[in-house]
Structure formats: structure tokens, C-alpha cells
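Derivation of every value follows stated rules applied to the coordinates shown; laboratory data play no part. Quick caveat: nothing in here was measured; it's all calculated off a predicted structure. Cβ sites come from the backbone with ideal geometry, for glycine too, and all protein chains shown count toward neighbours.
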Number of protein chains: 2
Amino acid sequence: MRDIASQRSLDHTLIALADPTRRAILQRLSEGEARVTELAQPFAMSLNAVSKHIRILERARLVRRRRAGREHRLSFNQGPLDAAAAWIEARRALWTARLDALDALLCAEDCAASTAPDKVSTGQTKKKGRSR
Amino acid sequence: MRDIASQRSLDHTLIALADPTRRAILQRLSEGEARVTELAQPFAMSLNAVSKHIRILERARLVRRRRAGREHRLSFNQGPLDAAAAWIEARRALWTARLDALDALLCAEDCAASTAPDKVSTGQTKKKGRSR
DNA sequence: CCTACATTCAACCTTTAGGTTGAATTATGC
DNA sequence: GCATAATTCAACCTAAAGGTTGAATGTAGG
């Protein structure tokens, strides 16, 4: 039942990352705090548009806001990236495992049927040329 | 000028990942090939809806299609995940580097100003309790 | 051949994303 | 106090996402 919440927050994180403007903002913030106007400056769009992007980054908790008088200091928050990276890594691991199993199978066949063994006995079960 | 293309493909990858249905489909496919109907079966939505999700996964090149008679065999393609993981890792690295630099600064101050040195001289410049 | 299956295409609906402009809010600094 | 700066709020637009249903396509198999 905790799954459904982390599902949603993963959604929010990935949605937030899936836009070049927002990725640029995050890039900037990963180098240090900034105000809204500063963040908006490099972009050929209204301040309002950037403000909305920031809200989406906040929804994903990738960005935090600290009100300091009339200006808002935005800062990067790494946490959600970890979850996203973990998800991606898990699929990669699964897939790699599967390909390795396949390699093993193919190699077993090869080893059994092969009539021209060229450096065959070196125990090479590792992932090698498989397309990917 | 190659950047703009890889930007777009990163967009497509992250957009594709930013939906729970599509992540579930990818999860399934990372365990092995499947047909459209098989993929659709676990979901409480029309076959058509799933078909559309698959098209988005194909646009991101996360899924490949092999027509075999009247049925289409879908398979997982890991490549785009690598790019996404790389982007995420780069921001994490930047951020971590920055926090470490900050820690170093703070520690330098602490070391200079501290009047109640409790195990101070142990050369602890490492990242420790910083929030994250 | 003809039916039944696997899949997409086409048209439609509703919600959200991404952007605009203009007005409201709130703090600063003379 | 008052102009001005830093933000957001509100209303609107257009396009895309995510879903539906119904018809079209193409292949399989008795």
C-alpha cells in the first residue's frame, strides 16, 4: 500500500525530468541556489512559464523553495533522482541477467555442436557481442 | 548540433518512463518477448489503449517490434535507459561534489572557531549528516 | 472460402502540459 | 508613503496525453 504512493512520486519525478527546460533548470540548480528571475533569464519564454516549470519540479520534490523577503531561493534536492535511478538500474539488471542466461544457453549449444573450436575452452560465459 | 537530437530522444525516453502502465509493460518485457494481447491482459483498459502506450515506447526506442504473421512480437531494448541513467548520474555527481565542497568549507570554519573540541583532530572532512 | 483472431486506424472525449498576457500580492528602498 | 522589483494568480489558448468505441486490415486455420 506504500507502493501506490511511491509509484506516483516516481511519476512526478520522471514527468519533471521529461522536459528540456526543466532539465536545464535542474542543471543550473545542481550547481547552487538561485532565484526565480535568475533561473528564467537564459530562456526565451516568459517568467510565468518558468514559474510553472518550477512548480512541477517542486511537485516532484526535486526543487525546494525558501522564501527570503520578496525573493524565493530555489535549491536542488537530489533525493527523488535516487528513486528514478534505482528503477532504471533494476530494469537494466533484469535485462542483463536475461541476456547472460541466453548467452549461456547459446554457448552451451555452441560448445556441444562446435567442430572448429578456436579458443573455446577458456570458460568465456561472459556477456560479449550481443546486440543491445 | 548532435545535442539537439539526443535532447529529443532523452525527452522521449523520460516521457515514456513517466507512466505506470508503460513502466509495467517494460518490466514485463525486460523478462522476455511478448505479443500485444499478452501485454494488455493484466490491465483494466482497452487493447487499443495499450497499443498506444506501446507506440510511445517504440518512439523512445525502448521497445522493438517484430512482425510474425498476424501477431507482433515486442521486445525490450535497453539502450535508451543508459542515456537516461547517465543524465541522472551526472546531476547526482555534480550535486555531491558541491555538497562535499560545502562540507569542507563548513568544517574549516568549525575547526577554526570550535572551543569545545570533542574528537576534533581526527581530520573528518568527509560528508556526514548533511540533509539531502 | 469463411470465420475468427491479432492488431491498428479513425474519430471522439476529457484532462493536462506548456505557453501567453494582464492583474494582484508582497517586500524593498529611498 | 510610494514607485519598483520579485513573485504568483487567473484566464485563456493550443496541442498532446490517455482513454473510449467502432470499423478496417491482414493472417490463420478448419
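A few points about this structure:
- Note on A:79-88: average number of Cβ atoms from other chains within 10 Å of each residue's Cβ is 4.
- Averaged over peptide B:5-11, the number of partner chain Cβ atoms lying within 10 Å of each residue's Cβ comes to 2.
- Note that region B:68-83 has calculated 3J(HN,Hα) couplings of 10, x, 7, 10, 10, 9, 9, 9, 6, 10, 6, x, x, 4, 4, 4 Hz, one per residue in order, obtained from phi through the Karplus relation 6.51 cos²θ - 1.76 cosθ + 1.60 (θ = phi - 60°); glycine and proline are x.
- Placing a label point 7 Å from Cα along the Cα-to-Cβ direction at A:I4 gives distances to the equivalent points in the other copies of 4.5 nm, listed shortest first.
- Shape class of region A:1-106 from the Cα gyration tensor (axes a ≥ b ≥ c, square roots of the eigenvalues): prolate, since a/c reaches 1.5 or more and a/b is larger than b/c.
- Shielding by partners - mean other protein chain Cβ count within 10 Å, residues of B:30-42: 1
- Between copies, B:A49 shows label-point distances of 3.2 nm, shortest first, with the point placed 7 angstrom from Cα along Cα to C-beta.
- Shortest first, A:A24 label-point distances to identical copies amount to 3.7 nm, with the label point at 7 Å from Cα along Cα→Cβ.
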